[in-house]
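Engineer: I'd like to ask you about the structure that follows.
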Amino acid sequence: MYWWSWILVWLALAILLIGTLVFFGWRLFKKGVAVVEELELLTDKVELLQRNVDELRVETPPNAILDGYAAVANRRDREKDRRATMRQLRRDTRLARGRLITAPHAWEGRTDAR
């Protein structure tokens, strides 16, 4: 092999190395730009969430000791009435569904043969 062929080989390797470094550097730069853009979007979202958090307030449960017996008993009675009403509504719907299923006209035209 001639001495100048070694120079050409090393020159080709150096050019390949520089090309590889430029290629990966460009990819890294594009990814960095994309990360910065996503961080800007994320900052806007975090700011919006922070405003929402600031607007929310924590609702403390009523204090039975400070409210007194009359207010607590009234609240308890209203809750019992609400639960009883809901229970009655569920019972009425179950009864209506049962009446619909057991009604003779609901089964007209149907047979037990499969």
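Engineer: Across the range 1-40, what is the number of residues that are within 41 Å of the chain's Cα centre (by Cα) and open to solvent by less than 90 Å² (accessible area, probe 1.4 Å)?
Structural biologist: Result for the range 1-40: 6.
Engineer: In this structure, is Arg99 at pLDDT 90 or above and surrounded by 10 or more Cβ atoms within 10 Å (Cβ to Cβ)?
Structural biologist: no
Engineer: I've got another one for you. What are the residues in the range 65-86 that are of a type outside the set (Val, Ile, Thr) and within 36 Å of the chain's Cα centre (by Cα), if any?
Structural biologist: Arg75, Arg76, Arg78, Glu79, Lys80, Asp81, Arg82, Arg83, Ala84, Met86 - these are the residues of the range 65-86 that are of a type outside the set (Val, Ile, Thr) and within 36 Å of the chain's Cα centre (by Cα).
The values are calculated or read from the model by the stated rules, or taken from the named source; none is laboratory data. In this text the structure is predicted, and so the values were computed from the model without any measurement. No Cβ is skipped: glycine too gets one built from the backbone with ideal geometry, and neighbour counts run over all protein chains shown. For accessibility, only protein heavy atoms count, side chains too; no ligands or nucleic acids. Shrake-Rupley method; radii C 1.70, N 1.55, O 1.52, S 1.80 Å.
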